[in-house]
Amino acid sequence: MSKTTDESNDIFTACKRNTEKFFNEIDKSSPVYHQIATDIQKSYFDAWKNVINSSIALQQEYAAKTGLSVSMPEETIKEIHNMMEKAIKAYQNQNKFVFDSTETSKKAFDVFSENTKILGSLNKNMMELMASSMKKNT
């Protein structure tokens, strides 16, 4: 049997080949998951916006048909405006937190990956040292 055939059928080559296949499949599906999450979020916000706008329109129509006064004191209008500004600020802070957390997590994964490479190199050097000392003893 040729060396090429033996190498392609060894346990390490098989594991490496199957691991690559697995992660290639993950790489292909990641954009799909991202799109699904984006679509679900957009659908959620569109539905939420529709509920609020429908509620406002219904209440406005009810007030018009029943002759209810819809004028409000300036202070109440200012408070409604302030509440919305605070809600927007909270949403922006949430987005910043998520972005910062994502960046921190990415950096942690990068460090983990680099440390894994260094540890692998160290282990390889130790293995080579042990293997060479075992050959000398035989």
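The values are calculated or read from the model by the stated rules, or taken from the named source; none is laboratory data. Being a predicted model, the structure only gives us computed values, none of them experimental. Cβ placement follows ideal geometry from the backbone for every residue including glycine, while neighbour counts extend to all protein chains displayed. Remember, those area values only see protein heavy atoms, side chains included, never the ligands or the DNA or RNA. Shrake-Rupley method; radii C 1.70, N 1.55, O 1.52, S 1.80 Å.
Annotations for the structure displayed:
- Above-threshold pairs, the threshold being 26 Å between Cα atoms, out of K42/K96; K86/K106; K49/K106; K42/K107; K28/K106: K86/K106; K49/K106; K42/K107
- Charge dipole (Cα centre; +1 on Lys/Arg Cβ, -1 on Asp/Glu Cβ; no other charges) of region 1-122 amounts to roughly 40 debye.
- Along the axis of the charge dipole computed for region 25-138 (Cβ charges of +1 for Lys and Arg, -1 for Asp and Glu, origin at the Cα centre), the listed residues L119, Y33, W48 are led at the positive end by L119.
- Top positive-direction residue, dipole computed over region 65-128 with Cβ charges, set Q92, I80, A108: A108
- Surface share of carbon and sulfur [accessible, 1.4 angstrom probe, percent] for the chain: 64
- Cα gyration tensor shape for the chain, rounded if a/c is under 1.5, else prolate or oblate: oblate
- Estimated Rh, region 57-138: Kirkwood, alpha-carbon pairs, angstrom: 19.5
- Put simply, the C-alpha atoms of region 1-81 give a gyration tensor, and the ellipsoid matching it has half-axes of 67, 13, 5 Å, longest first.
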